[in-house]
Amino acid sequence: MTEKSLNEQALQARFHDVEENLKHIEETITKAAEKSGRKREDITLLAATKTVPVEVINHAIESGVRCIGENRVQELLDKYDGYRKDLADVQFIGHLQTNKVKYLIGRVSMIQSVDSVKLAQEISRQCIKHGTTMDVLLEVNIGREENKSGVLLENLDELLENVAQLPAITVRGLMAIPPAGASAEESFAYFSKMHETYIDISRKNTDNRIDMRFLSMGMSADYAQAIEAGANMVRIGSSLFGPRDYSK
Ligand SMILES: *Cc1c(COP(=O)(O)O)cnc(C)c1O
């Protein structure tokens, strides 16, 4: 067999896995949504695509995924032209340095990882420069982990107030990544705390630059619990695409 047909065979196998994985994820999301009094269509599935080749990402899109997220700017730029952007929305979900913001303007529909006024100011500044706006989520460090992105809960109100004043940004909700290795009960408690915070902000808010629509939490290991606790967006990587290969 030629190398090309071998590669082609491996790709077809991977496509098949993605389809099977997606079926399982869809069933799990539907059950968890129903358990929490909602429907499948109330939950957005975002495919976390880091390290995944564009052909495989596009197969997921062609199989029904409508939203993808990258977490590194360079990787997003490398793959950007290849995505089926006619079918799927592209978002940014990773830690973002202010000097990289300019590359995301006009390319992604939402930045999920805003955790400082400085970063938000740069997003707003670049948007104005390009005559556009950006939707953002504020990332909360719900597990109070050192060296982890996200604002601490007690500083969230102040961040929200400052970001809402910026002219070219709309805050669409919150994002969180609870500590890795937490038990199911611990994760559920973190997710519930996030949901409570999300609801509080939605209720008391009257500013039209804050429009709470997304509570983005839950990854491969814990998305069912996240949905049961109130998430309406889950970010799933390895359960959809298989284990990540960082060697390439
Ligand atoms: C990689 C990643 C995910 C998905 O992680 P999995 O455990 O593979 O599902 C979700 N959110 C962010 C921000 C990520 O970087």
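FYI, it's all coordinate maths here, none of it is from the lab. Please read all numbers here as calculations on a predicted model, not as lab measurements. Heads up, the Cβs are rebuilt from the backbone with ideal geometry, glycines too, and the neighbour counts pull from every protein chain shown.
Taking the range 66-107 as the range and being among the β-branched types (Val, Ile, Thr), buried (at least 16 other Cβ atoms within 10 Å of the Cβ) and without any contact (Cβ under 8 Å) to a residue 60 or more places away in the chain as the test, the residues that pass are ILE68, VAL73, VAL90, VAL101, ILE105.
Go through the range 121-138 and report how many residues are within 23 Å of ALA231 (Cβ to Cβ) and of a type in the set (A, V, I, L, M, F, W, C). Result for the range 121-138: 4. Taking every residue in the range 226-248 that is part of a helix (DSSP H, G or I) and pairing it with any residue that is within 8 Å of the ligand (Cβ to nearest atom), at least 6 positions away or on another chain, the pairs with Cβ-Cβ distances below 7 Å are SER238/SER220; SER238/ARG244; SER239/SER220. Of the residues making up the range 224-248, those that are on the phi > 0 side of the Ramachandran plot and away from the ligand (no atom under 12 Å from the Cβ) number 1.
Put simply, of ALA120, ALA60, ALA48 the only residue that is in contact with a strand residue (DSSP E or B) (Cβ under 6 Å, 6 or more places away or on another chain), within 21 Å of MET217 (Cα to Cα) and away from the ligand (no atom under 16 Å from the Cβ) is ALA120.
Residues in the range 200-218 that are within 15 Å of VAL140 (Cβ to Cβ) and within 16 Å of the chain's Cα centre (by Cα) were compared, and the one that is farthest from the ligand (Cβ to nearest atom) is MET212. The set of residues in the range 126-185 being β-branched (Val, Ile, Thr) and either touching a helix residue (DSSP H, G or I) at 6+ places or on another chain (Cβ under 9 Å) or surrounded by fewer than 19 Cβ atoms within 10 Å (Cβ to Cβ) (or both) consists of ILE128, THR132, THR133, VAL136, VAL140, ILE142, VAL151, VAL163, ILE169, THR170, VAL171.
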